[in-house]
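Comments concern the structure below.
The values are calculated or read from the model by the stated rules, or taken from the named source; none is laboratory data. Treat the numbers as computed from the prediction; the structure is a model and nothing was measured. Cβ sites come from the backbone with ideal geometry, for glycine too, and all protein chains shown count toward neighbours. Ligands, DNA and RNA are excluded from the accessible area calculation, which covers all protein heavy atoms including side chains. Shrake-Rupley method; radii C 1.70, N 1.55, O 1.52, S 1.80 Å.
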Amino acid sequence: MTVRYTVIGAAQGNWRSSLSDYVHTVRSDLLANRVFADLLVIRAHPISRPSKLEAQHIECALARLAAAQLPPDDACRVLSALRFHLLGSVAVARLQDSPNLAQTAIETRGHAEHVRQDRSFEFSLQSILDHASHLIDRASSPADSVR
């Protein structure tokens, strides 16, 4: 698998579009590479340590959120939600592509199911990012200094 992820850096637009682009790129690559997706998403140990590249991406994403004035605890929660959402959507897609499903279920779902999954993924992704925006607005508001 060719790694085409870019580190989420300051030169790339705002934090929201950087995170959204990154999540979309990772999801697209995982869906395109079944073996890698199975190894990473379905068969991975739940407490596995992040790779050096993944750790670098996490650090950069945290730095972007911190620059946007998101408190560190909230930034970690947002990134955790994004990762959970990303890996969960890939796992669901891979399970639906599994040969263990009944052939009639596959035939009736087809392309329409993937379109619904993409719309649901996008809706949930935007909801997570909207919540992060709300947290940033709340953290930067001087009237709401006490949580």
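Just to check your reading of the model, which residue among Leu82, Leu53, Leu62, Leu101 is modelled with pLDDT of 90 or more and surrounded by 11 or more Cβ atoms within 10 Å (Cβ to Cβ)?
Criteria check complete, one pass: Leu82.
Would you mind stating whether Ser28 is in a helix (DSSP H, G or I), modelled with pLDDT of 75 or more, among the polar types (S, T, N, Q) and buried (at least 16 other Cβ atoms within 10 Å of the Cβ)? So that I can check it myself, show each step before the final result.
Numbers: in a helix (DSSP H, G or I): yes; modelled with pLDDT of 75 or more: yes; among the polar types (S, T, N, Q): yes; buried (at least 16 other Cβ atoms within 10 Å of the Cβ): no.
Criteria not met by Ser28.
How do the pairs read when you match residues in the stretch 7-20 that are within 21 Å of His85 (Cβ to Cβ) and open to solvent by 50 Å² or more (accessible area, probe 1.4 Å) with residues anywhere that are at pLDDT 85 or above and in a loop (DSSP other than H, G, I, E, B), using Cβ under 8 Å and keeping only pairs 6 or more apart or on different chains?
Sorted first by the residue in the stretch 7-20, then by its partner, the pairs are Asn14/Ala68.
Out of the residues in the stretch 41-50 that are within 28 Å of Gln96 (Cβ to Cβ) and modelled with pLDDT under 70, which is least open to solvent (accessible area, probe 1.4 Å)?
Taking the stretch 41-50 as the starting set, the residues that turn out to be within 28 Å of Gln96 (Cβ to Cβ) are 41-48, 50.
Filter once more, so that each one left must be modelled with pLDDT under 70: 42-48, 50.
Numbers: Ile42: 77, Arg43: 167, Ala44: 39, His45: 120, Pro46: 123, Ile47: 137, Ser48: 67, Pro50: 71 Å².
Checked the stretch 41-50; the qualifying residue least open to solvent (accessible area, probe 1.4 Å) is Ala44.
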